[in-house]
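Q: This is the structure, below, for whatever I ask next.
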Amino acid sequence: MCAVKITAMQIFNSQKSVLKLSDGLDFQGFSFGYTGPCEGEVIFSTSVFGCPENLSDPAYEGKILCLSYPIIGTYGAPSEIVTDGISDTYQSGKPHIRGLIVLDYSSDFSHWGSNKSLDSWLKEWKIPGIYGIDTRFLSKHLRDNGTMLGQIIPDGCKENAKVANPELENLVAKVSCTEPRTYGKGGKKVALIDCGVCDSTLRLLLAHNLEITRVPWNYSGDLSGFDGIVISSGPGNPALCKETVAIVKKALEGNKPVWGFALGANIVELAAGAKVYKMKFGHHTANQPVRLADSDTCLITSQNQN
């Protein structure tokens, strides 16, 4: 059992809660957000800012997210502002994590754009949180041993004897759109296969004078009339997206540009005949350094991939 000493001044909610990992390690903390159990794959992120944006990224579907930055909740959750069907403040219309792990939760929030606390936002979507956890120790443990399954169990809630592995579910089908939708007007028409696309991706594509048609992961329509095809990021195991792989395989036989990123890149690789495998602990961060090939230039990138 691992625990962090919390002073009385720091305690927001005295209801105890425990994080249980599949390797037998337990972490004692306190409950915030929704008071109920959850289970999923426990991962860590080293992002300093962007908590609401991270939590609403569809690529986090099925995950229990540990934030290594020590103080979370200071700027609450922003009001949702939607322009032409795209959120200006979140990555999608709702949080996708199954649970949240933090060291110190701040119930006092202050930001010009916020209209509710992080605690209230999690309650609204029935997402449990646990605080008082040594998140840096937990992050190191996951880095050394790899991501693993886990549960958050508030006092009085029942523990599951066996945690279901979300990697065995088709998580993309849960987060993809169900009907095509077109955004913007531009000189080139691009088909965006939605495997869990972020609203920020839509904004970036539209900034290049494109007309974007967002289609479901298993779209059965004709894509030959588009000038290019983009396969978005998303959650879970790309090998379970057999319909998407078949769509991309057909597209690669043509002469139109095809581009995938994160999970989308894995799907392009599978369509081209390559094999993919899950990384030990993935990249879930807004501060991942990437060096441009054949140069000394280094960029700090935001990544969320398995």
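The values are calculated or read from the model by the stated rules, or taken from the named source; none is laboratory data. Owing to the predicted nature of the structure, the values given are computational and were not obtained by experimental measurement. FYI the Cβ positions are ideal-geometry reconstructions off the backbone, even for glycines, and counts take in every protein chain you see.
Q: Looking at segment 210-282, what strands (runs of 3 or more DSSP E) fall wholly within it and have at least 2 residues that are in contact with a Lys or Arg (Cβ under 8 Å, 6 or more places away or on another chain) and modelled with pLDDT of 95 or more?
A: Details: elements: 210-215, 228-231, 258-260.
Qualifying strands (runs of 3 or more DSSP E): 210-215, 228-231.
Q: Can you tell me which residues in segment 18-42 are part of a strand (DSSP E or B), of a type in the set (Gly, Ala, Ser) and more than 14 Å from THR135 (Cβ to Cβ)?
A: SER31, GLY33, GLY40
Q: With respect to SER79, is the statement that it is surrounded by fewer than 18 Cβ atoms within 10 Å (Cβ to Cβ), more than 24 Å from SER22 (Cα to Cα) and of a type in the set (S, T, N, Q) true? Don't jump to the end; show me each part of the working.
A: Numbers: surrounded by fewer than 18 Cβ atoms within 10 Å (Cβ to Cβ): yes; more than 24 Å from SER22 (Cα to Cα): yes; of a type in the set (S, T, N, Q): yes.
Against the criterion (surrounded by fewer than 18 Cβ atoms within 10 Å (Cβ to Cβ), more than 24 Å from SER22 (Cα to Cα) and of a type in the set (S, T, N, Q)), SER79 qualifies.
Q: In segment 76-105, which residues are under 22 Å from VAL48 (Cβ atoms) and of a type in the set (A, V, I, L, M)?
A: Here is the first cut: in segment 76-105, the residues under 22 Å from VAL48 (Cβ atoms) are 76-78, 87-92, 95-97, 99-105.
Correct list: ALA77, ILE97, LEU100, ILE101, VAL102, LEU103.
Q: Another one. Looking for something crowded, with 19+ Cβ neighbours inside 10 Å, out of contact with any helix residue (DSSP H, G or I) (no Cβ under 7 Å at 6 or more places or on another chain) and more than 23 Å from ASN304 (Cα to Cα) - is there at least one such residue anywhere in segment 153-161? It would help to see each step written out before you state the result.
A: Step one: list which residues in segment 153-161 are crowded, with 19+ Cβ neighbours inside 10 Å, which gives 153-154.
Next, only the ones that are out of contact with any helix residue (DSSP H, G or I) (no Cβ under 7 Å at 6 or more places or on another chain) stay: 153-154.
Add one more test, that the residue is more than 23 Å from ASN304 (Cα to Cα), and what stays is 153-154.
Scanning segment 153-161 turns up at least one residue that is crowded, with 19+ Cβ neighbours inside 10 Å, out of contact with any helix residue (DSSP H, G or I) (no Cβ under 7 Å at 6 or more places or on another chain) and more than 23 Å from ASN304 (Cα to Cα).
Q: Here is a follow-up. Can you report the number of residues in segment 223-244 which are touching a strand residue (DSSP E or B) at 6+ places or on another chain (Cβ under 9 Å) and either of a type in the set (Val, Ile, Thr) or over 21 Å from LEU205 (Cα atoms) (or both)?
A: Initial filter on segment 223-244 (touching a strand residue (DSSP E or B) at 6+ places or on another chain (Cβ under 9 Å)): 223, 225-233, 235, 244.
Then drop every residue that is not either of a type in the set (Val, Ile, Thr) or over 21 Å from LEU205 (Cα atoms) (or both), which leaves 229-231, 244.
Of the residues in segment 223-244, 4 are touching a strand residue (DSSP E or B) at 6+ places or on another chain (Cβ under 9 Å) and either of a type in the set (Val, Ile, Thr) or over 21 Å from LEU205 (Cα atoms) (or both).
Q: Taking into account only those residues within segment 262-306 that are among the polar types (S, T, N, Q) and buried (at least 17 other Cβ atoms within 10 Å of the Cβ), which is farthest from the chain's Cα centre (by Cα)? Spell out the reasoning first.
A: To start, the set of residues in segment 262-306 that are among the polar types (S, T, N, Q) comprises 266, 285, 287-288, 295, 297, 301-306.
Checking which are buried (at least 17 other Cβ atoms within 10 Å of the Cβ) leaves us with 266, 285, 302-306.
Numbers: ASN266: 16, THR285: 10, SER302: 12, GLN303: 10, ASN304: 6, GLN305: 8, ASN306: 10 Å.
Per the stated criteria, the residue is ASN266.
Q: Further question: Would you confirm whether or not segment 76-84 contains a residue that is in contact with a Phe, Trp or Tyr (Cβ under 7 Å, 6 or more places away or on another chain), of a type in the set (D, E, K, R) and not assigned by TED's automatic domain parsing to the domain that holds SER233? If you could, list the steps in order and put the result at the bottom.
A: Within segment 76-84, the first condition is being in contact with a Phe, Trp or Tyr (Cβ under 7 Å, 6 or more places away or on another chain), and the residues that meet it are 76-77, 80, 84.
This time we only want the ones that are of a type in the set (D, E, K, R), so: 80, 84.
Subsequent filtering for residues that are not assigned by TED's automatic domain parsing to the domain that holds SER233 retains 80, 84.
So far as segment 76-84 goes, yes, one or more of its residues are in contact with a Phe, Trp or Tyr (Cβ under 7 Å, 6 or more places away or on another chain), of a type in the set (D, E, K, R) and not assigned by TED's automatic domain parsing to the domain that holds SER233.
Q: Among the residues of segment 87-125, write down those that are surrounded by fewer than 17 Cβ atoms within 10 Å (Cβ to Cβ) and within 19 Å of the chain's Cα centre (by Cα).
A: ASP88, THR89, GLY93, LYS94, GLU124, TRP125, listed by residue number.
Q: GLU179 - would you say it is out of contact with any Phe, Trp or Tyr (no Cβ under 7 Å at 6 or more places or on another chain) and farther than 23 Å from ASN54 by Cβ? Even if it seems obvious, please write down each step before you answer.
A: Numbers: out of contact with any Phe, Trp or Tyr (no Cβ under 7 Å at 6 or more places or on another chain): yes; farther than 23 Å from ASN54 by Cβ: yes.
Yes.
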